[in-house]
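First the structure, in the form of structure tokens, and then the observations on it.
Readers should treat all values here as calculations from the given coordinates under stated rules, not as data from a laboratory. This is a predicted model, so every value here is computed, not measured. When we count neighbours, we look across all protein chains shown, and the Cβ atoms used for this are built from the backbone with ideal geometry, even at glycine.
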Amino acid sequence: MSADAVGTDQGLGINIEAIEAGVLGACMVEPDYIAELSGLPDDFFTKNLHRQIHKLLVRRWLDGEPIDMTLVHAALQKEGISVSWSDLTYMTGEYLSLNVIGNVQELKDNYRRRKVRHHTALLMQKLEDPRFDPDELASEAIEGLQGFLEPEESTVKRFGEVADLVIAQGLRGEERDKGIPSGIGGLDRALGGGFKRGHLHILAARPGMGKTVLAFQWAVNAAKSGFKVLFFSLEMPAESLVIRQAGSEAGVEPARLHQSDDRDLWARVDKALSRLNEAPLWICDDSTVTAAKAAAIAKTLKARHGLDLLILDYAQRIADTISERQLSRNHLLGIVAKSFANLGRQTNSGVILVSQLNRRVDAAQEKRPSLADLRDSGELEQDADVVAFLYRPGYYDPKSDQTRAELILAKNRHGRQGVEPLHWDAERVRFLSVDERRGAE
């Protein structure tokens, strides 16, 4: 192939060069998208300038260096690469009309198509030469094309091979995925040690039940155990989450921290939070984040620091960012669930989606939520490995015990279903397991 391959796919009428330019422009405007381009081969882009820009962007991204159009222009000139300012502004202009993640996939498909064409063209030349044996050429064709069909690591595995691997690991004392701890003993035991990598977990409840509190507790507990956690907070600012956690850790009502300038109190809070200061917990509180942007952020974090657990609070908010408005609400939530389930498998991390149940629960005679209530909130259950509901009787009945709460494990592909009793500490805004409650008394 030439240094600059043909920039238009003649068979499909696609302007590949324009798509390449737009994708690179997106990476200069929003560097998180570079995660989608890392690890691609040198000849992935059709135009030589695009290859050089791609190489520079990935290198700076992996090194954690700042990226914008001005810095990229200066770096390219420093390396002796001829590029005008108008070239880069054209790229960022093309970005505005792109669905970046979808167009990256389109470029990947085009790359494979070019490779197949190149391979078959060479075979056609050999077929015209009587010196080559037809059977050998047939074998070469199958072997060559197979490389474009199979992933780098085969996803089709014989049962016996997997069984041998599992037994060998056990005999050597190697640890398999024992799960990411939630900090609630009964839940972790039911899940076989905690949240599983590559699996989708749903936490659902009505507004005001405390689902954000519980989800962030899980994030903190996992991070305290050394697991790397990314928490998407689409409704609450990061500062509010931290203040609430500070109150829980220091034994102070969070409301006091919003208005106190007591130096002794803040020194106490500082000491209580010292264990979390270096914890591997990241918070994204961009309320407008899309599923594609969330995926780019997660992949960037995975590449730079590693990622074990991803929590999204909450699914309905991110469904609002999907442009396909003609689709039903249920279908949109199904798209969110599938997107994050795939993201969990791609990053080998556990995924927790927080979901809001609709008002039909309030109108029902039985207030405890069930899987039927989740189905009313969207196609979330289908892809979920675990579905848990948070329920507090005091939410509906002011005369009942206001500290009583339940975590209802309604679906669990790892083991048993059931109800885990919890204690709701409204003053410190936290949930305690029964064992923790007894220990605190």
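Here is how the numbers come out for the structure above:
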{"quantity": "The chain: angle of helix 211-224 to the longest principal axis, Cα-based, in degrees nearest 10", "calculated": "70 degrees"}
{"quantity": "Relative contact order %, the chain, counting alpha carbon pairs below 8 Å whose residues are six or more apart", "calculated": "16 percent"}
{"quantity": "Size descriptor, Kirkwood hydrodynamic radius, that averages inverse alpha-carbon separations across the chain, Å", "calculated": "25.1 Å"}
{"quantity": "The chain: angle of helix 238-250 to the longest principal axis, Cα-based, in degrees nearest 10", "calculated": "40 degrees"}
{"quantity": "Within a Gaussian network of the chain (alpha carbon springs, distance under 10 Å), most fluctuating of L357, L332, L40", "calculated": "L40"}
{"quantity": "Helix axis angle, 291-304 relative to the chain longest principal axis, alpha carbon, degrees", "calculated": "80 degrees"}
{"quantity": "Percent of beta bridges antiparallel (DSSP, the chain, rounded to nearest 5)", "calculated": "45 percent"}
{"quantity": "Cα-centred dipole magnitude for the chain, charges only on beta-carbon of K, R (+1) and D, E (-1), debye, nearest 20", "calculated": "1220 debye"}
{"quantity": "Estimated FRET transfer efficiency when R0 is 60 angstrom, pair K367-D42 (beta carbons, to 0.05)", "calculated": "0.50"}
{"quantity": "GNM flexibility winner over the chain from E366, E161, E420 (Cα, springs under 10 Å)", "calculated": "E161"}
{"quantity": "All lysines inside 25 Å of K299 as judged from Cα atoms, apart from same-chain residues fewer than 8 positions distant", "calculated": "K55, K108, K178, K196, K224, K228, K338"}
{"quantity": "Segment A138-E235, length gained on full extension (0.36 nm per residue, minus Cα span)", "calculated": "29.1 nm"}
{"quantity": "Listed peptides 423-433, 225-235, 62-72 by packing density, highest first (mean Cβ within 10 Å)", "calculated": "225-235, 423-433, 62-72"}
{"quantity": "Residue-span extension gain [V434 to R413] - 0.36 nm each, minus C-alpha spacing", "calculated": "5.1 nm"}
{"quantity": "Inter-probe distance in nm under a simple model that places probes 7 Å from Cα toward Cβ, at E406 and T288", "calculated": "4.2 nm"}
